[in-house]
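Since every read-out is calculated from the coordinates, none of them should be taken as a lab result. For clarity, every value in this text was computed on a predicted model and none was experimentally measured. Glycine gets a Cβ as well: all are built from the backbone with ideal geometry, and neighbour counts include every protein chain shown.
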Amino acid sequence: MTRLTRLFVIAAIAVAGAAYLTFSHLLTVAERPSVLMLALGVTPLTIMALIAALHSRMRWLALTLLALLALTVLLYLEELRNHVNWLYFMQHAGAMVLLAVTFGSTLGRGDTDALCSRVTRLMLPGPADPTYMRYTWKVTVVWTIYFIASAIVSVGLFFFGPIAVWSYFANLLTPVIVGLMFVVEYLVRVRVLPDRAHFSIAQTIQAYRTYERR
């Protein structure tokens, strides 16, 4: 793949992502969206869940649960149209809680076993540097704190604020914050550990995907 082609693909993905996030916001604040809008809104999540189920070690159990979930959605489709914001709330808050548990549960096992340390070890060309591992442990702490804070804000805004404000936070602001955290972490790492190996954001994301498949 040429550099121009790669840039075109990245731009296309960025545009598609922005379009989907905007659509999600409009769907969330809609009083009673059409069935087509609802179907388009849940399609990406459904595809990701299906892919995850197919790669799961308990594939048939995961696929069975997805089938039961799909049946439940069909049976309660009208109710879901009237409360579509709950679907996005459970998706956002649930993801934040799950990620907080995923990252936080690895903090008590030493520097090298923290989730960010494990991902970093996949990219290092040689043995793990204790100083580097201590830094990546701290990065895991920061991500854990962010996911906990994001879940708390999501719950607070959803139940005690206007749904439009919650939607701005969940559908539009959250991806921006996550992207900024990746950028800031990279800049901090280069400054704090100038003589260590450094990896791009794309390499880090790819390593995390590799870690998930292990």
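For a footprinting-style exposure proxy, rank 90, 181, 133 by other Cβ within 10 Å, fewest first.
Listing 90, 181, 133 from fewest to most nearby Cβ atoms yields 90, 181, 133.
List every residue whose amide H lies under 5 Å from the amide H of residue 106, counting only residues 5 or more places away in sequence or on a different chain, with H placed 1.01 Å from N in the peptide plane.
115
At R0 = 22 Å, how high is the FRET efficiency between residue 66 and residue 101 if r is their beta carbon distance? Nearest 0.05 is fine.
Calculated transfer efficiency: 0.55.
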